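Below is one structure, written out as structure tokens, with a few remarks after it.
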Amino acid sequence: METGWQGALRSRAFFGPYEEKVVLEQKDTDVNGPHQGGWVRTPSGEDWFLHFQQRGAYGRVVHLQPMSWSPDGWPVLGDDGALVAVHRRPDLPPQPPAAPATDDDFPGGRHGRQWTWTANPKEGWATQHSADGLRLTCVRSADAHDLRRLPHVLTQRLPGTPCTVEVDVRLDSGEPGARAGLAVLGDAYRWIGLQRGADGAVHLVHRFAETVATGAPATPSGQWGRNATPITRGPPPTAGPGCGSRSAPGRAAASPPTPGTASAPPARSSRPPLALGRGPARPGRRGTGRPGTRRSRHVHPVPDQYPGAGLSGAGPAGPPRLPRPPQLHSPLDPEEESRPMKISNLRNSTRRRASAAVALGAVLALTATACGDDGSGAGGDDGAEGSGKGKIVFWDNNGGVRTDIWKEIIADFEKANPDIDVQYVGIASTEYQSKVDTAIQGGGLPDVGGISASMLAGFAAQDALETLDFRLAKSPLNGKLNKDMIESLRAAGGGDDKLYSIPTSANNGVLYYRTDLFEKAGLEEPATWDLFYKAAEKLTNKGKNEFGYTIRGGAGSIAQALDAMYGQSGITSFWDSSGKKTTVNDPKNVEALKKYAALFKKVTPAADLNNDFTKMVAQWDSGTIGMLNHNLGSYQDHVKALTTDKFRGIPQPVGPGGKRVQVSNPVDGVGMFQSSKNKEAAWKFIEFATSAQSSSKFNESAGQVPAHTDAAKDDWIGKAEPTKLAAEALNDGSTTIVQLPYYLPDWNTVSKADNEPNFQKVLLGDMSAEDFLNGMAEQLNDAQAEWQEQKG
């Protein structure tokens with residue numbers, strides 16, 4: 001968090017109401033955005049406060065502030081809320097001095113504590129031996145083209161400002177495409193190292209990136225003799241931000257199945273004295289680089305067996321799914337400019353309109369195709385059919401929220417199938433994709449997992465999912481599942497027209513409002529955007545901790561923001577008429593986002609900045625907030641917390657000309673991972689979980705529309721008012737759906753990891769709505785161009 005403050009909230013009751021106060025901020029100091037702190041009380045009774053400062057590529061620096069208490073019970077941090085640069089030390093017993101390690105001899109091939117892998121380590125990534133030096137195994141990977149996706153990169157935090165890292169490398173693997181070298185790893189990455197060419201020769205390779213953002217300069221140097229010389233072709237690179245905005249020098253090696261190694265003698269780095277509490281290495285985040293970054297790769301042939309320079313790397317891909325192989329250039333070749341290579345094999349989305357004659361289940365499936373919102377094997381493993389008995393593992397992609405209903409369904413299944421044991425693992429929706437991606441690369445995938453349309457393309461592109469067409473064709477489910485939901489999942493799978501997930505339900509956006517508060521204030525139902533903004537302002541009384549609206553500023557914020565943008569602008573397509581440029585940065589959408597983002601802190605709580613859907617829903621259910629945008633899935637939560645006499649859930653507000661425009665929601669489903677060793681039992685569970693009985697039970701609990709056509713006829717659907725009203729609005733011709741491009745493998749990365757932090761900057765006023773949408777549009781246009789190129 002580059003900007004912001006440290007807030008404190010207090011309440012005499014767990015469910016509020018809460019008071020909030022800013023207790024630490026930058027003011028006139030040079031320490032930006034103090035945040036994410038922790039209160040520490042020493043044995044002598046002193047109070048102190050530790051907090052982060054984000055410093056871009058150098059990560060989060062930890063600061064220590066004195067802490068006391070005001071007469072009215074609020075914490076007082078620093079100098080009355082301002083950061084202090086100098087202060088006496090805490091009253092603690094004498095302690096020996098300590099500093100992070102800057103050298104590593106790798107005795108016996110073992111690395112020091114300053115190093116860490118980018119994922120849970122697996123045996124064999126590094127081998128021990130009798131001498132000094134690190135010996136890495138060249139691991140085969142389908143993501144060898146992108147170090148950010150690899151689990152076997154050994155990293156540590158950048159040790160200072162500035163710093164120099166020296167290391168020698170020898171590439172022993174003779175397999176074409178094997179690589180090893182030294183990398184600076186963050187959102188983007190830069191590396192120098194050795195690569196085995198198709199001709200058997202070893203090439204000195206370096207990759208740089210220019211970026212418009214302030215970062216850490218990284219100058220690669222390669223040597224033929226004893227004196228290293230900087231490689232000056234092209235502008236000097238800089239280290240970009242990493243996961244949590246930090247970068248790390250990293251080491252790795254990868255290769256085809258043929259055994260091979262890369263070796264490095266002891267490593268040395270120089271640095272200035274470090275600030276208090278610099279942390280250990282962290283992995284760089286997976287995903288595409290930021291807009292404004294140009295990447296180039298230069299490869300220079302060097303003599304075979306030469307030790308080379310640097311240490312980090314990756315090898316050729318496993319399955320042949322890369323769009324194009326890496327190109328080897330001589331020093332005289334023209335400079336190469338390209339996007340990072342991504343895995344994709346896609347096709348256009350299906351766009352449909354509902355008619356008045358379509359049944360309820362079909363209506364919501366047609367229009368609702370993303371809500372914005374330890375296992376058995378590893379990716380790439382073909383798995384096995386198994387005996388149809390024994391244990392299987394199921395990962396729920398909405399753990400916590402849906403845990404109880406899934407455990408009930410599992411209990412029903414185990415009663416009907418006593419020879420199968422299902423191990424349930426609930427994972428928060430905000431963490432699910434990253435955990436699956438990590439397991440695909442490092443192992444530990446489940447047998448079955450929740451797979452929605454919004455994440456399908458990315459998983460399918462990594463060859464992680466089992467195709468389910470032939471199983472469905474022989475199943476009693478065949479012909480009983482909503483055809484439009486099936487087609488939505490086919491279209492979202494990446495363009496190969498295969499089915500990787502069996503649908504469970506469809507969703508739709510809803511505007512929930514407190515009828516009791518509206519009646520008290522004499523307000524009309526917020527059926528239009530004008531009435532929405534009027535109500536949000538009138539219901540706000542900050543002195544009484546009352547707010548008109550709660551905005552989603554944390555995980556899942558982009559889809560809600562898109563819904564508000566397109567709803568107000570009236571634009572009805574995500575792409576222009578050419579199908580090549582997105583409309584997200586259309587001037588009408590820019591103006592709509594400006595108006596919507598201006599609600600933050602004016603009519604919403606400041607805590608909304610970090611709200612994901614669970615925090616947002618809990619806050620609305622327990623406080624005095626007038627309106628909430630979410631979807632059908634939270635209806636039952638509101639019923640339990642408020643009862644139906646205090647709220648209603650209505651379709652999204654109507655925009656210009658009395659027309660309602662809203663963005664699509666993803667179809668949910670369950671899928672099977674290729675690595676499962678018991679696919680027969682896994683399929684039995686999927687069949688049971690998507691049967692009429694289970695589908696009805698699950699969706700009644702979730703308030704969503706069942707995929708099973710028999711379950712869609714159950715009485716409870718007509719009694720759930722938001723579901724009924726949504727169906728009517730979608731059926732009467734007043735609603736147009738803007739289909740989001742789930743078919744792009746990078747959709748989830750662009751709409752979540754890459755741009756959720758930027759949307760927070762928009763809310764805080766640190767980035768304009770225009771710059772935000774232009775940056776996202778550039779990423780989407782690039783992703784669409786690559787998809788169209790792959791599609792041919």
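A few points about this structure:
- On full extension, the segment bounded by Gln95 and Ala131 gains 9.5 nm, given 0.36 nm per residue less the C-alpha separation.
- Placing a label point 7 Å from the Cα of Asp28 along the Cα-to-Cβ direction, the residues of segment 63-86 with a backbone N closer than 15 Å are 79-85.
- Loop-resident GluC sites (Glu not before Pro) (DSSP state other than H, G, I, E or B) in segment 23-126 with no more than 15 further Cβ atoms inside 10 Å of their Cβ: Glu46, Glu123.
- The residues neighbouring Ala82, those whose beta-carbon lies less than 11 Å from its own, together hold a net charge of -3 under the Lys/Arg +1, Asp/Glu -1 convention.
- Part-to-part distance (alpha-carbon centres) for segment 440-467 and segment 1-43, which is given in Å: 38
- Each Lys or Arg adds one and each Asp or Glu takes one away; over the other residues whose Cβ falls under 12 Å from the Cβ of Ser701, this sums to 0.
- A straight Cα-to-Cα reach below 16 Å connects Lys684 with the aspartates and glutamates Glu385, Asp412, Glu414, Asp419, Asp421, Asp447, Glu466, Asp469, residues fewer than 8 places away in its own chain not being considered.
- Contour minus Cα-Cα distance for Gln693 and Ser573 (0.36 nm per residue): 39.5 nm
- In this label model, Ser434 and Glu525 are separated by 4.1 nm, measuring between points 7 Å along each Cα→Cβ vector.
- Separation of alpha-carbon centers, segment 701-730 and segment 598-624, rounded to whole Å: 28
- Residues Leu9 and His87, FRET efficiency given R0 of 35 Å [Cβ-Cβ distance, rounded to 0.05]: 0.85
- With a threshold of 31 Å on the Cα-Cα distance, the over-threshold entries among Lys27/Lys595; Lys122/Lys389; Lys498/Lys719; Lys122/Lys697; Lys520/Lys659; Lys389/Lys719 are Lys498/Lys719; Lys122/Lys697; Lys389/Lys719.
- Across segment 635-651, computed HN-Hα scalar couplings (Karplus, 6.51 cos²θ - 1.76 cosθ + 1.60, θ = phi - 60°) run 4, 5, 4, 5, 4, 5, 7, 10, 6, 6, 7, 10, 8, 9, x, 10, x Hz from first to last residue, x flagging Gly and Pro.
- Approximate spin-label separation Glu591-Leu50, in nm, with each point projected 7 Å along Cα-to-Cβ: 5.1
- Global geometry of segment 457-511, whether rounded, prolate or oblate, following the gyration tensor of its Cα atoms and the 1.5 cut on a/c: oblate
- Inter-label distance, nm, simple model (7 Å from Cα along the C-beta direction), Ala201/Asn541: 8.0
Computed from the coordinates by the stated procedures, all read-outs in this text should not be read as laboratory data. Just so you know, these numbers come straight off a predicted model, no measurement behind them. Note that we place each Cβ from the backbone using ideal geometry, even for glycine, and neighbour counts take in every protein chain shown.
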